[in-house]
1. Does the stretch 81-121 hold any residues that are touching a strand residue (DSSP E or B) at 6+ places or on another chain (Cβ under 6 Å), aliphatic (A, V, I, L, M) and either open to solvent by 60 Å² or more (accessible area, probe 1.4 Å) or over 18 Å from residue 21 (Cβ atoms) (or both), and which are they?
2. Can you pull out the residues in the stretch 26-41 that are assigned to a loop (DSSP other than H, G, I, E, B) and at pLDDT 95 or above?
3. For residues that are open to solvent by 50 Å² or more (accessible area, probe 1.4 Å) and over 21 Å from residue 10 (Cα atoms), scanning just the stretch 67-80, find the one that is farthest from the chain's Cα centre (by Cα).
4. From the residues in the stretch 1-42 that are among the β-branched types (Val, Ile, Thr) and over 22 Å from residue 89 (Cβ atoms), which one is most open to solvent (accessible area, probe 1.4 Å)?
5. So which residues in the stretch 43-66 are assigned to a loop (DSSP other than H, G, I, E, B) and either of a type in the set (A, V, I, L, M, F, W, C) or open to solvent by less than 30 Å² (accessible area, probe 1.4 Å) (or both)?
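The values are calculated or read from the model by the stated rules, or taken from the named source; none is laboratory data. Bear in mind that the values here come from a model prediction, so they are computed numbers and not experimental data. Don't worry about glycine lacking a Cβ; one is built from the backbone with ideal geometry, like all the others, and counts go over all protein chains shown. Side chains are part of the model used for accessible areas, which takes the heavy atoms of the whole protein and leaves out ligands, DNA and RNA. Shrake-Rupley method; radii C 1.70, N 1.55, O 1.52, S 1.80 Å.
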Amino acid sequence: QVQLVESGGGLVQAGASLRLSCAASGRTFSSYAMGWFRQAPGKEREFVAAISQSGSYAYYADSVKGRFTISRDNAKNTVYLQMNSLKPEDTAVYYCAAYSGAHQLMSVKRNDYWGQGTQVTVSS
């Protein structure tokens, strides 16, 4: 069992930056690919970014490529999402997820564990 707790969300203006954190419980954190997903009001949950178990490889949605960076610290059981140049369309609840397979295969249906989410609101 893995428990995920997100933090770092908030209200910011367009162009600002935020860093989200996701702390995981358990001693098997390094065996999971980790990812971030988001869900805007009235929309389906969508993929944002994923990182491999070792942290060597990352994969991004086209909408955030070049602006967001995912990273992880296996010693601290934590995954991060650095979000720069935020846009109003980035407004959503951001969820951390863990998946026991390859990071490129992370998806809403495949992920094994989810956090409770953290709200990010970007004003124009």
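1. Within the stretch 81-121, 106 is the sole residue that qualifies.
2. The answer is 32, 40.
3. Among those residues, the one meeting the criterion is 75.
4. Restricting to residues being among the β-branched types (Val, Ile, Thr) and over 22 Å from residue 89 (Cβ atoms), the top hit is 5.
5. 52, 61, 64 - these are the residues of the stretch 43-66 that are assigned to a loop (DSSP other than H, G, I, E, B) and either of a type in the set (A, V, I, L, M, F, W, C) or open to solvent by less than 30 Å² (accessible area, probe 1.4 Å) (or both).
Table: residues versus (1) in contact with a helix residue (DSSP H, G or I) (Cβ under 7 Å, 6 or more places away or on another chain); (2) without any contact (Cβ under 8 Å) to a residue 12 or more places away in the chain; (3) closer than 19 Å to residue 118 by Cα; (4) among the charged types (D, E, K, R).
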residue: 23; (1), (2), (3), (4): no, no, yes, no
residue: 39; (1), (2), (3), (4): no, no, yes, no
residue: 49; (1), (2), (3), (4): no, no, yes, no
residue: 66; (1), (2), (3), (4): no, yes, no, no
residue: 69; (1), (2), (3), (4): no, no, yes, no
residue: 74; (1), (2), (3), (4): yes, no, no, no
residue: 92; (1), (2), (3), (4): no, no, yes, no
residue: 106; (1), (2), (3), (4): no, no, no, no
